[in-house]
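Heads up: the structure comes next, in structure tokens.
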Amino acid sequence: MTNKGLGTGTGAGDGAGGGQSFYRGRIPHWEVFPMDRILMRRMGVASASGETPAGIPDLPDLPDGQAVEAWQMERLRETLQHAATHSPYYAARLKGMDAGVFRTPADLAMLPRSTADDIRNFGADMVCVSQDEIARVVTLDTSGTSGRPKRIFFGQDDLWRTTEFFTTGMQAVACAGDTVMALLPDERPSSVGRLLAQSVINMGARPLSGSMTRGAEALAVQAMEEWVNVVVGSPMHLRAFALGWKSLGYPAGLIHTVLLCWDAIPEAVVDLLHDILGCRVLTHWGMTETGLGGALACAEGRGMHLRETDLLVEVADPETGSLVPDGTWGEIVVTTLCRTAMPLVRYRTGDYGRILCGPCPCGSPLRRMDRTPGRLQDDIVLPAGGTGSVTVTDIGTDTGNGIGTEGTLRLIDLDEALLPLYGLAEYEAGWHEPPGYTTKNTAGHSTPELVEECVVPVLSIELFHAAGVAPDVLRAEAAQRLLASPVLGSLLAQGGVLLDMSCTPAKDMSMNHAKRRIRRLAASSLSETVPESRS
């Protein structure tokens, strides 16, 4: 069996000034990627007692990808049988379908996809257990969406599997004895913050809750005083934390790892965290529908290993639902495995994603997913004259194909342009596309400005500047970076898209700022879609 070392994650960093990093505590090291331990227990390859084993002695060889796939397909057949037998929704949805015919992932194309609207309209009928067996109900309100909110039902076993995933997965992030600060919601029982805190305790580390409402500098002071080793949170919250750390003059290298979750992860944020904190940057993808956990990066930093013991993940063509080859961008579609309360079958997550080709150097048989660059519904189709197809070669760990149509703008494009600016605390973006607009040719404008009664789309950006930063300077720097953007640059310069940019003092961040979207601006009113809870 191959001995798998620590690796470098996405870069451990050398601390300030290029010197050797000094970490408070040890960086995790393992013989087997911790998530593989769950796989081995579930597949019966090795046994381990208790929820948080310190290790599995005398490990045999890990199962290969084909064995994992065969095990997943067996769980899929059991899930389909369970759902069709105990759920009114699935009884009708899967009527006449023989679960035994599903032998390979390609067979999934025979199953209908389910959507967020299905959960809103038929969620109660998806439940397969009695109300007495429901341990938690998560209600996801999304303003701007008509109809009922989504309600996700979990049984006690489902919550235990999430805690198991967090407990084991955190062993790839932290060591026993570490102090782990989580910038996550923890107000309610079984919230993501509380589940993570319990998992941190289970693995022998100390949890610490940090609320962004206290301010980034206050959290940085708390992290310094409490000897925090690991910080977990969304990209925007971790970026704010790092800027607060820098403003206080704290050195790089004291925190050994940050874990980014909950939202699309720009390369600009990863680079900033490396530069300021001098630490490893690991990534996680998941959402409430997946039981909060979905995929976690190993120390090699080449994609995120899927939680294949509980999820069957596909990447499908958004239009047809057919599977796309590994390495190709599409929509992430998930089927829950072993979930008893409310199974989901071919659930359309709405997230862009792709499965990376080939094995990971860490040796895990778990497939890897690339970082998700955003959601399909957030696409802004630019007017004619765009700069060509949008690519994410700077986002993914491998060279990739274009993930969108020609001339498509996403929030992550703005992130990559604006978030490297240290004087920028955060920003909000809006898009106004008047009906019947035509493209104006205003070539020669070096600095695009908003004009009254325009007949072209308007990109509205509100910059929130840090204390001591000159607003005009930040605004000019932001405009130049947008003009240099491969997605927007030529359209802004030629007047195909007009820019309305303001700059105001930074405001306190809350948990609601963890996930953002480009707001759709109406002619007479502002409507904002608030994203759903994810991890």
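The values are calculated or read from the model by the stated rules, or taken from the named source; none is laboratory data. From a predicted model like this one, the values you see are computed outputs, not experimental measurements. Cβ sites come from the backbone with ideal geometry, for glycine too, and all protein chains shown count toward neighbours. For the accessible areas, the whole protein counts, side chains as well, though only heavy atoms, and no ligand, DNA or RNA atoms are used. Shrake-Rupley method; radii C 1.70, N 1.55, O 1.52, S 1.80 Å.
What to note about this one:
- The selection criterion, being assigned to a loop (DSSP other than H, G, I, E, B), open to solvent by 30 Å² or more (accessible area, probe 1.4 Å) and either under 19 Å from residue 379 (Cβ atoms) or modelled with pLDDT of 80 or more (or both), does not hold for residue 451.
- Test: residue 45 is modelled with pLDDT of 95 or more and open to solvent by less than 60 Å² (accessible area, probe 1.4 Å): no
- Subset of region 462-476 [of a type outside the set (Asp, Glu), assigned to a helix (DSSP H, G or I) and surrounded by fewer than 19 Cβ atoms within 10 Å (Cβ to Cβ)]: 471, 473, 475, 476
- Hey, residue 491 surrounded by 17 or more Cβ atoms within 10 Å (Cβ to Cβ), out of contact with any strand residue (DSSP E or B) (no Cβ under 7 Å at 6 or more places or on another chain) and at pLDDT 80 or above or not: yes
- Close pairs from region 418-445: first within 14 Å of residue 491 (Cβ to Cβ) and of a type in the set (A, V, I, L, M), partner outside any loop (DSSP other than H, G, I, E, B) and modelled with pLDDT under 65, Cβ under 6 Å, at least 6 apart: none
- Take the conditions (1) modelled with pLDDT of 95 or more; (2) surrounded by fewer than 14 Cβ atoms within 10 Å (Cβ to Cβ); (3) not polar (S, T, N, Q); residue 55 misses just one of them, which is (1).
- Scanning region 330-383 for residues that are under 30 Å from residue 90 (Cβ atoms), at pLDDT 90 or above, of a type in the set (S, T, N, Q) and not in a strand (DSSP E or B) returns a single hit, 340.
- Hits in region 416-443 - residues which are under 20 Å from the mean Cα position of the chain (by Cα), modelled with pLDDT under 95 and surrounded by fewer than 19 Cβ atoms within 10 Å (Cβ to Cβ): 428
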